[in-house]
Each structure stands twice: as structure tokens, then as C-alpha cells.
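K.L.:
Structure provided below as C-alpha cells; questions to follow.
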Amino acid sequence: MKSFEDVISYRFNNKSLLETALTHSSFVNENRKYATEDYQRLEFLGDSVLGFLTAEYLYSKENITEGIMTRMRSELVSEKALYEVAKAIDLGKYIRIGKGEEHMGGRERPSVLSDIVESVTAAIYLDSGMDAAKDFVMRFVLNDVHMASAEVSDDYKSALQELIQHDPSNILSYELIEEKGPDHSKTFTFAALLNGEVVGTGSGSTKKSAEQAAARNALEKLNDERP
């Protein structure tokens, strides 16, 4: 079996940080003679490091509103998302866990695995600094697969609604303005209308994706017009 360092392509200078990051409290309880600390303190720090790096990455993306950034960050650092990261690197194989907890499925428990992704992030940060932690996060948490899973089809539509609702009289709607291509490969083009006036257009392979593209285009235009 590969070592965990091989799996994540990172070599720790301080091996005890990695050992602690992978140690469950049940293991400490059963092995007090030589195990003194579990991952929980590192997990606390890792939560902040991961949150910051995710926020920084989303901020670097142009034309993503605060509302969208908030929702995507929440999705990307959720227990569900980090559990998927843990499964992708077979993290459960490398955890030091007590026999009783293992019998109860602790090695594959989403809450445990997601927390240990955070503790590993913190361990790398303490071992080599923010750049090393960022490299780990970009490769395993903010990669294309996980970024795609965090895209919510209504994100831009919701953000556009948030932007215009400061005036209760505003009415936002979407209208199909073009449909072309064969049935198995259609392209739809929608317009986003604010009080009946076109404020953005967009195309996509489905009506929902075309509406999202139109909302994104509208957001770009409306944000450019703001003082």
C-alpha cells in the first residue's frame, strides 16, 4: 500500500504533524502510553485555513458575486464535499483509529473523514506554510471535479434576483429567443428581462443552462453600470 505522503505527493518535515492529523480520539483512548493527541485541534485550524483558501480562490474569479461566492464556499467546504475528497485519496485507510470505533464503521464515517481532510490541511500549513497548504487544497479540494459539483444551476439567477430586489417593483423574467439544431443537440438562447427590457442574453444546451448564462450576462452588465 502506498504511504499517505505518496498519495498526496507531499513529504512532511515534521512527521508527528501528519501522525496527529491522522489520529482519531478513540485511538488515543486505547493507546495512552504512546498516543497523546488526536486530530481535533488541527481540524479546528484546518477549517479556517481551508475556508480562507477557498474564499481567496473564489474571489479571484471574475464576475462571481458575493452571493454566489458564499454559496459555493459553503458547498466546497461542506462535510459532503470533503467526504468526497477523502474517498478520492482513500483517506480512511490511513487513519489511526481505535478497535471499537473501527468496528462501528468510524474509518468510513463522513463526519470523521471530512474533519481529517481539514486536519491534514492544517498539518501541511504548519509544516511548510500557506503555499504548501494551497497546493494541497487546489489539487484535492478545488480541482475541476469538485468545482463542477459545487456549481448550482440557479446560482446566477438567484444572484441576479438578489441584485434587483432592492426595488420591490422590479420584475425579472426569462424568455426563449432562439432554438436551433437537431433534437439530439439543440442550442437554446434566452434573454433575461428586467421590467420587460432585455438586460442579458445567454445560450446553452439546455433551457436551464441558457437561463443561467443569460442571468450571468445580465449580472456582468448591471455590475458594470453600478457607480
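The values are calculated or read from the model by the stated rules, or taken from the named source; none is laboratory data. What you see is a predicted model, and the numbers here were worked out from it, not measured in a lab. Counting neighbours? That spans all protein chains shown, and the Cβs are built from the backbone with ideal geometry, glycine included.
K.L.:
Which of the residues belonging to segment 93-113 are closer than 15 Å to D38 by Cα and either buried (at least 23 other Cβ atoms within 10 Å of the Cβ) or of a type in the set (A, V, I, L, M) (or both)?
P.N.:
Answer for segment 93-113, where residues must be closer than 15 Å to D38 by Cα and either buried (at least 23 other Cβ atoms within 10 Å of the Cβ) or of a type in the set (A, V, I, L, M) (or both): I95, I97, V112, L113.
K.L.:
With S114, S60, S74 as the choices, which residue is modelled with pLDDT of 90 or more and of a type outside the set (K, R)?
P.N.:
Within the list S114, S60, S74, the selection yields S114.
K.L.:
Is it the case that segment 33-41 has a residue that's in contact with a His (Cβ under 9 Å, 6 or more places away or on another chain), buried (at least 20 other Cβ atoms within 10 Å of the Cβ), not in a helix (DSSP H, G or I) and not hydrophobic (A, V, I, L, M, F, W, C)?
P.N.:
Within segment 33-41, one or more residues are in contact with a His (Cβ under 9 Å, 6 or more places away or on another chain), buried (at least 20 other Cβ atoms within 10 Å of the Cβ), not in a helix (DSSP H, G or I) and not hydrophobic (A, V, I, L, M, F, W, C).
K.L.:
Counting only residues that are touching a residue at least 24 places away in the same chain (Cβ under 8 Å) and part of a loop (DSSP other than H, G, I, E, B), which one in segment 10-30 is surrounded by the most Cβ atoms within 10 Å (Cβ to Cβ)?
P.N.:
The residue in question is H24.
K.L.:
Further question on the same structure: Among the residues of segment 55-63, are any in the same structural domain as R96 (by TED's automatic domain parsing), under 30 Å from L219 (Cα atoms) and surrounded by 19 or more Cβ atoms within 10 Å (Cβ to Cβ)?
P.N.:
Taking every residue of segment 55-63 in turn, at least one turns out to be in the same structural domain as R96 (by TED's automatic domain parsing), under 30 Å from L219 (Cα atoms) and surrounded by 19 or more Cβ atoms within 10 Å (Cβ to Cβ).
K.L.:
Among the residues of segment 118-129, is any modelled with pLDDT under 90, over 16 Å from the mean Cα position of the chain (by Cα) and either small (G, A, S) or in the same structural domain as D47 (by TED's automatic domain parsing) (or both)?
P.N.:
No, the conditions are met nowhere in segment 118-129.
K.L.:
Sort out which residues of segment 9-27 are out of contact with any Lys or Arg (no Cβ under 7 Å at 6 or more places or on another chain) and within 14 Å of I95 (Cβ to Cβ), and write them in order of number.
P.N.:
Passing the criteria: L18, E19, T20, A21, S25, S26.
K.L.:
Hey, among the residues in segment 144-192 that are within 28 Å of E75 (Cα to Cα) and in a loop (DSSP other than H, G, I, E, B), which one's modelled with the lowest pLDDT?
P.N.:
This residue is S153.
K.L.:
Can you pull out the residues in segment 193-227 that are modelled with pLDDT of 95 or more and in a helix (DSSP H, G or I)?
P.N.:
none
K.L.:
Tell me, yes or no, whether segment 42-53 has at least one residue that is in contact (Cβ under 8 Å) with a residue 12 or more places away in the chain and in contact with a Leu (Cβ under 6 Å, 6 or more places away or on another chain).
P.N.:
no
K.L.:
Does at least one position in segment 82-92 carry a residue that is surrounded by 14 or more Cβ atoms within 10 Å (Cβ to Cβ) and under 15 Å from T54 (Cα atoms)?
P.N.:
Within segment 82-92 (the criterion being surrounded by 14 or more Cβ atoms within 10 Å (Cβ to Cβ) and under 15 Å from T54 (Cα atoms)), the answer is yes, since at least one residue qualifies.
K.L.:
Separate question: Filter segment 98-143 for residues that are outside any helix (DSSP H, G or I) and touching a Phe, Trp or Tyr at 6+ places or on another chain (Cβ under 6 Å); which is nearest to E19 (Cα to Cα)?
P.N.:
G98
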